[in-house]
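Accompanying notes for the structure given below.
The values are calculated or read from the model by the stated rules, or taken from the named source; none is laboratory data. Model, not experiment: these values are computed from the prediction. In this analysis, Cβ positions are derived from the backbone assuming ideal geometry, glycine residues included, and neighbour counts consider all displayed protein chains. Calculation scope for accessible area: heavy atoms of the full protein, side chains included, ligands and nucleic acids excluded. Shrake-Rupley method; radii C 1.70, N 1.55, O 1.52, S 1.80 Å.
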Amino acid sequence: LADTASGMASKFSELKGAEKRLKKLKESAEGYSELRESARKLREETDRSELVKLKKQFQNSPQLQKVDGEILSWSKRSERIKRIVLQARPDVITFQEMDHVQQFLQDKDFSARYTCMVDVAKAYKPPTYTGHKGGSPHDDLSPDKYFHHLLASRAAFAPKSYSNAYLFRSKRDAKAPGTHSTHTTHSIDTIDDDGCVIFWKKDTFKPVELGFLGIPSDTEKSEAVVALTLQHLKTDTMLNVLTAHLPSGDEHSKELERLAVLNN
């Protein structure tokens with residue numbers, strides 16, 4: 001409340017917007033330096049906020065560590081997700097911001113019922129990166145190779161290239177992009193970009209056709225809509241399934257942005 005009354009909340013919003021725009025711009029782009037300086041000043045201002053003070057005050061709190069370990073940890077969350085899905089037994093599942101596709105495919109209980117692989121003889125493997133800042137033409141998900149990789153994977157999964165999820169997890173494992181040229185550890189081998197995926201019951205449907213629709217981007221980052229046709233094994237009925245992750249936000253401008261994506 002104190003941050004809202006002082007106008008600090010709006011500063012956080014401005015900083016978030018500036019940082020988001022910075023990620024979309026190349027360093028050589030016009031206005032990049034000015035925007036970076038603006039973000040730096042906003043960061044200095046928000047560091048003095050009551051929210052940040054509270055964060056620093058409780059950063060070593062045993063209660064927060066308990067929440068992190070028992071509620072927010074991925075091992076606990078993934079088990080809850082799996083339990084809910086296996087109890088509900090849906091015929092088709094779509095996930096957004098999924099960055100653990102390989103884990104679900106290798107899970108004995110989940111994979112016994114569900115798959116996202118169009119070609120069952122093919123094993124899913126996360127894309128590889130060289131770690132060069134700004135991307136490299138040798139990356140599996142570079143702009144020129146993005147759709148080739150999606151189609152070659154034979155998975156109903158469209159990861160975002162150079163995603164924050166990959167960066168966060170690789171840094172967390174002390175293997176940030178740029179510190180290695182090949183994936184040599186188990187943790188790196190299983191790190192995926194987050195994206196959209198379609199799973200289906202293996203004993204109910206068979207995949208007929210898989211495709212991807214590109215979402216317009218003016219940066220080196222790519223993402224796509226997953227489009228899948230399934231055939232019901234008993235009735236031969238065809239089912240078309242699409243999943244996408246549209247821009248979030250309650251503002252009117254965000255709604256216009258979502259409509260623009262759909263219109264394109």
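Data table
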item: Within the stretch 152-170, tally of residues that are at pLDDT 90 or above and among the polar types (S, T, N, Q); result: 1
item: Residue within the stretch 128-151 that is at pLDDT 90 or above and surrounded by fewer than 15 Cβ atoms within 10 Å (Cβ to Cβ) present; result: yes
item: In the stretch 24-44, the residues that are open to solvent by 100 Å² or more (accessible area, probe 1.4 Å) and free of Cβ contacts under 8 Å to residues at least 24 places away in the same chain; result: SER28, GLU30, GLU34, ARG36, LYS41
item: Any hit, the stretch 119-126, residues being β-branched (Val, Ile, Thr), under 25 Å from LYS202 (Cα atoms) and at pLDDT 90 or above; result: no
item: Complete set of residues in the stretch 196-214 that are of a type outside the set (D, E, K, R), open to solvent by 80 Å² or more (accessible area, probe 1.4 Å) and over 22 Å from HIS149 (Cβ atoms); result: none
item: Residue within the stretch 22-37 that is touching a helix residue (DSSP H, G or I) at 6+ places or on another chain (Cβ under 6 Å) and over 23 Å from LYS221 (Cα atoms) present; result: no
item: Residues satisfying the stated conditions in the stretch 45-100, i.e. open to solvent by less than 80 Å² (accessible area, probe 1.4 Å), farther than 24 Å from LEU239 by Cβ and either within 20 Å of the chain's Cα centre (by Cα) or not charged (D, E, K, R) (or both); result: THR46, SER49, VAL52, SER61, VAL67, GLY69, SER73, TRP74, SER75, SER78, ASP99, HIS100
item: Residue within the stretch 107-125 that is under 22 Å from ARG169 (Cβ atoms), open to solvent by less than 60 Å² (accessible area, probe 1.4 Å) and touching a residue at least 40 places away in the same chain (Cβ under 8 Å) present; result: yes
